[in-house]
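Everything below concerns the one structure shown next.
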Amino acid sequence: MTATAVSAGRDRRILTTATVATTGAVLPVFLTGAVGVQLRADLDFGEIGLGLIFASYFAAAALGSFSLGHLSQRTGPVAALRVGLVLSAIVSLSVAAFARSLVWLTVLIAVAGLANAITQPATNLLLADRLPARRLGWAVGLKQSGMPLASMLAGLSVPALATTVGWEWAYVVGALLSVLALAMTVGSASAEPSDTPRRPDGPPASPDTPRRVLWFLALGMVFGAAAASGLGSFLVSAAEDAGVAPGAAGLLLSAGSLIGVVVRLVMGARAGLHPERTLRTVAIMLTLGAAAFGLLAVHRAWVIIAVTPLAFGAGWAWPGLFNFAIVRANRRGAGAATGITQTGTYLGALGGPLLFGVMVDQWSYTAAWSASAVLAVAAAAVFSVGDRRLRHS
């Protein structure tokens, strides 16, 4: 076997590990949303309780992201990844076996948030440390597709498991996915870095980008994640309220998620060709996303159906590009750097659905989608400024 074939096989193994790990780490919270009806019936709680569960997940992830990102730098990506995956598997099995009250379910899902907070920077560091620069854009795009893939798997678990053998088995399958990713880290541990600048001795690498710039970009992630969160949380409800049939509304969400996956992969591959334009592209996508959110505010069934592809393809497909920009600028300190920026992601994912729900309850879906458009414009503005700061830091 040629050296090129060996290198390609190693790269595929690393990339597959990172993608499966990302999917497995976020699956517990998506499963909780997907089987929410069955959970509320069995554990006897309402919509407010479900909101509390989600809030606990993102709050724990936000609180832990900075320190756990630095932990991945100290231990190395594979060791940190194993900790996150073991924790994620334990949480999923514990939910299936022991979650018989709202309190226990909330606590366990909060722990799942911590597991994700270490897995995300660890996978970013793994890609930065073990893959050549020319493949990094595609790699980060595929790895970031783990979130919409988890959303799709969670949706499929409802008819396949939750309504047949019980919601507990959905979490068991989720645990098996984390175990699979854990087993795959064996090959990733033996893979040597290729062209990453390294410091073989001494303390773990710090971010190459000044922390003030990373925290500024994290602010953009707060706005961007908050703007996009309405799609996954409320698109189906908004579509049904506008007159779309329930089954069609569910298919609309699945189709939008699939479009998001495809766009992430395509844009990731293109980013590798023109890496210096990455954050500018993110700002453009968010501007297009803002336009899509503004059109969703019209709140007509045919408009929602027509605009959903743009909303997912622009308004929710940009995080992979953003993470590529941060990883590329911080090859030695990707774990620590993305630990900072992921804090903004979690805060936006925490506050966005709460804001959206309050605006729907107090005013209308039109007001809520309009707020999403404003947040997307704010994120685009931050990233436009951040692009200059990142390039000159």
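The values are calculated or read from the model by the stated rules, or taken from the named source; none is laboratory data. Being a predicted model, the structure only gives us computed values, none of them experimental. Don't worry about glycine lacking a Cβ; one is built from the backbone with ideal geometry, like all the others, and counts go over all protein chains shown.
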Can we say V298 is at pLDDT 85 or above, more than 18 Å from L127 (Cβ to Cβ), crowded, with 22+ Cβ neighbours inside 10 Å and among the β-branched types (V, I, T)? no
Let me confirm something: among I259, I305, I284, which residue is closer than 25 Å to M359 by Cβ and surrounded by fewer than 23 Cβ atoms within 10 Å (Cβ to Cβ)? I305
Looking at A41, A59, A18, can you tell me which residue is in contact (Cβ under 8 Å) with a residue 24 or more places away in the chain, hydrophobic (A, V, I, L, M, F, W, C) and surrounded by fewer than 19 Cβ atoms within 10 Å (Cβ to Cβ)? A59
Only one of A297, A379, A367, A306 that is closer than 30 Å to P275 by Cα and of a type outside the set (S, T, Y): A379
Per-region count, region 78-105, residues out of contact with any Phe, Trp or Tyr (no Cβ under 9 Å at 6 or more places or on another chain), part of a helix (DSSP H, G or I) and more than 17 Å from L176 (Cα to Cα): 4
Residue count for region 345-366, restricted to those that are touching a residue at least 12 places away in the same chain (Cβ under 8 Å) and either among the hydrophobic types (A, V, I, L, M, F, W, C) or surrounded by fewer than 17 Cβ atoms within 10 Å (Cβ to Cβ) (or both): 10
Determine whether region 67-77 contains at least one residue that is in a helix (DSSP H, G or I), buried (at least 22 other Cβ atoms within 10 Å of the Cβ) and β-branched (V, I, T). no
Among the candidates G232, G256, G268, G250, which residue alone is within 29 Å of L390 (Cα to Cα), in contact (Cβ under 8 Å) with a residue 24 or more places away in the chain and in a helix (DSSP H, G or I)? G268
For residues in region 129-166 being of a type in the set (S, T, N, Q) and in contact (Cβ under 8 Å) with a residue 12 or more places away in the chain, which is surrounded by the most Cβ atoms within 10 Å (Cβ to Cβ)? Q144
Of the residues in region 73-89, those that are of a type in the set (A, V, I, L, M, F, W, C) and without any contact (Cβ under 8 Å) to a residue 60 or more places away in the chain come to A79, V83, L87
